[in-house]
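The structure appears below as structure tokens.
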Amino acid sequence: MVCGCLVALSSGLLSGLGCGGTGGNSGNGNNGPVQLPAPSCQASPSGGSHAVAEPQLLASLGDRYHEAWLGSPAVADLDGDGTAEILAAREGLLLGWHADGQSVFRAQVSGRIWSSPVVADLDTSRAGLEVAVAARGRIYAWDAAGTDLPGFPYQWRDEMRALAAGDIDGDGALELVAVTTSRLEQNDRRDILIAVEMNGATVSGFPPNTTGASGCDKSCYVTGGYDQNLAVGDVNGDDVVDILAPTDSAYISLHEGNGRAFDAAEIFQNRTKFLGIRMLHDYAEAQQGFAPVKESANQAHFTNSAPAIADIDGDGVAELVVVGSVQNAAQSDRERGVALWVLNSDGTRPADWITPFHASDFLAGLWDYDGTNVVAATNQVAVADLDPARSGFEMVFAGFDGRIHAVDSRAQELWSYTYTTDDRVLTGGVAIADLSGDGVPEIAFNTYSPDAGKGELVILDAGGSRRHAMTLPRRGAMSVPTIADANGDGQLDIAVNLKDGRDGEPQVLIFTVANSADNCLLWPTARANLRRDGYVPPG
């Protein structure tokens, strides 16, 4: 169904959908409106405007009752016919439409699809693009027409909640990498990572620890990843991508594409591998591996951490970027907010990041809302150049404090924006793109709640001031929105994968933004791109 924002729908599908009723510039939540930074991108040919047009509802897309989890929509021309498909991961289904409402893709899976669909040229021998998802204990892959690829579905361990594509073995073809919540224990080692060739074969060296490929000793600590805990990118500059996977603990996995685990710096006592470094906030305590006073010492916990790989300081070497929840080392106090970590590949910390950036206030986000299928916040970080006057990249993430935070490459906070004071409202993370064509990016995010009527699509400017907020139906959207041209008119659209699904009601909403263009798509969907790799390449 296609409609304008103010057009009433006779079926009542969008009851409760507001169209900009809370729009306008309300300041950054702390200090009032701030001056916009200079453009960090080339402006559109029209030159654009600092004014961001209010998003207007373009399309309401639905199938039946299947609800969504944390999967951002994918917008891509799968079959190369010049018309984009809009894909959404739901419970038991991957669904696809054209922007005019035509259903064009419907693939069944066993169980929920937690994370976002991967869309890429996974099989270069086939025309068009391929699509892959992880659902419970299986990885599915299809061609552009929705036909299963040979060797799929691939079965491993339930539940795989993170999936990304990357050329991890340097052979020129993409592989799929997944993280499971349910660790494998064999040969006195543990694993949560698997990698799969596009013929359905397991990549040599995986799972890395239990096969011995990692070179890990008993001090490689691995447990499950619960929410998109995966980034795939070139960490060491050898032009082959590596695999970063925070875990449900104070430890992080880091492997080369052949399975070898990255070494720890010698300053970390009795630890040979990156996987053995305990992420205590105090750097000296992290080096010795324990906190003398456990009740007061802060440490990370990376249960729901969706990381990034990027050269944030412009020195030519990629850093590891991850947001983790904060608890004391005794694990008796887990509501200490979140911290943003920037790490080198040997576990050492850049000079400005000797202590992680700590947003210590706590409102909500650590705990699921029991009995609702509404889950805790994703500790997802987006990386982009918001302010070219500052060196390096900025990092944008949601805290447990009801705020969106923007932090620069030197661990200095640019701004924070209070999006809620309600402990029953959360967000899954942000997308970043220029929505007005002036070369200055905006930030878009969805909110969600176990309570109906509290979810919104919110647009902030690069200074952290709200430009628009659109009320979303029912319980909102748990996933990051996707920004792309969905209908081929040259303007950007915002695709929102709603949490709820009921017969006769929408599952995906498409909002269009007048006077926008594709000149500046910095982090336009969950995990940065449709490979879902969380990687910002150099340059």
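The values are calculated or read from the model by the stated rules, or taken from the named source; none is laboratory data. These numbers come from a predicted model, not from an experiment. Methodologically, a virtual Cβ is constructed for each residue, glycine included, from the backbone with ideal geometry; neighbour enumeration extends over all protein chains shown. The protein model used for the area step is the full one, side chains on, heavy atoms only, and it has no ligands, DNA or RNA in it. Shrake-Rupley method; radii C 1.70, N 1.55, O 1.52, S 1.80 Å.
Distance from the Cα centroid of segment 315-344 to that of segment 426-457 is 23 Å (rounded to whole angstrom).
Which of rounded, prolate, oblate describes segment 205-287, given a ≥ b ≥ c as roots of the alpha-carbon gyration tensor eigenvalues and a/c under 1.5 marking rounded, otherwise prolate only if a/b is larger than b/c? Rounded.
The residues of segment 162-249 have, on average, 32 Å² of accessible surface per residue, using a 1.4 Å probe with all protein chains present. For segment 332-374, the per residue solvent-accessible surface stands at 43 Å², with DNA, RNA and ligands left out and a 1.4 Å probe.
In the chain, helical runs assigned H by DSSP with n ≥ 4 each contribute -39500 (n - 2.57); averaged across all residues and rounded to the nearest 500, the mean residue ellipticity at 222 nm is -500 deg cm²/dmol. A simple packing score, the average count of other Cβ atoms within 10 Å per residue, orders the peptides 43-51, 419-427 as 419-427, 43-51, with the highest score first. When peptides 221-229, 429-437 are sorted by average Cβ neighbour count within 10 Å, with the highest value leading, the order is 429-437, 221-229. Protection proxy ranking of 349-357, 444-452, by the mean of other Cβ atoms within 10 Å over each peptide's residues and highest first, is 444-452, 349-357. Normalised per residue, the accessible area of segment 392-465 is 19 Å², obtained with a 1.4 Å probe and no contribution from ligands, DNA or RNA.
Please say if segment 98-245 is rounded, prolate or oblate, where rounded means a/c under 1.5 for a ≥ b ≥ c the square roots of the C-alpha gyration tensor eigenvalues, and otherwise the choice is prolate for a/b larger than b/c and oblate otherwise? Here segment 98-245 falls in the prolate category. Computed in the context of the full set of protein chains, the accessible area of segment 175-230 at 1.4 Å probe radius has 39% of its extent on carbon or sulfur. Each residue of segment 86-99 is assigned a 3J(HN,Hα), and the resulting list reads 10, 10, 9, 8, 10, 5, x, 8, 10, 10, x, 9, 8, 5 Hz, derived from the Karplus form 6.51 cos²θ - 1.76 cosθ + 1.60 (θ = phi - 60°), x at Gly and Pro.
Per-residue 3J(HN,Hα) values for segment 224-240, derived from phi via the Karplus relation 6.51 cos²θ - 1.76 cosθ + 1.60 with θ = phi - 60°, read x, x, 10, 6, 6, 7, 7, 9, 10, x, 7, 8, 10, x, 9, 6, 10 Hz in sequence order (x marks Gly and Pro). Distances between placed amide hydrogens fall under 5 Å for R403 paired with Y419, all partners being 5 or more residues away or on another chain. In percent, rounded to a whole number, the relative contact order of the chain is 19, using alpha-carbon pairs under 8 Å and six or more apart. Each residue of segment 463-478 was assigned a 3J(HN,Hα) from its phi angle through the Karplus curve 6.51 cos²θ - 1.76 cosθ + 1.60 (θ = phi - 60°); the sequence is x, x, 9, 6, 9, 8, 9, 10, 5, 9, x, 6, 9, x, 9, 7 Hz, with glycine and proline shown as x. For segment 22-157, the fraction of 1.4 Å probe accessible surface lying on carbon and sulfur atoms is 44 percent.
The portion of the accessible surface of segment 261-417 made up by carbon and sulfur, rounded to a whole percent, is 43 (1.4 Å probe; DNA, RNA and ligands excluded). Taking the chain on its own, what percent of its Cα-Cα pair distances exceed 42 Å? Here the long-distance tail beyond 42 Å is 13 percent of all Cα pairs in the chain.
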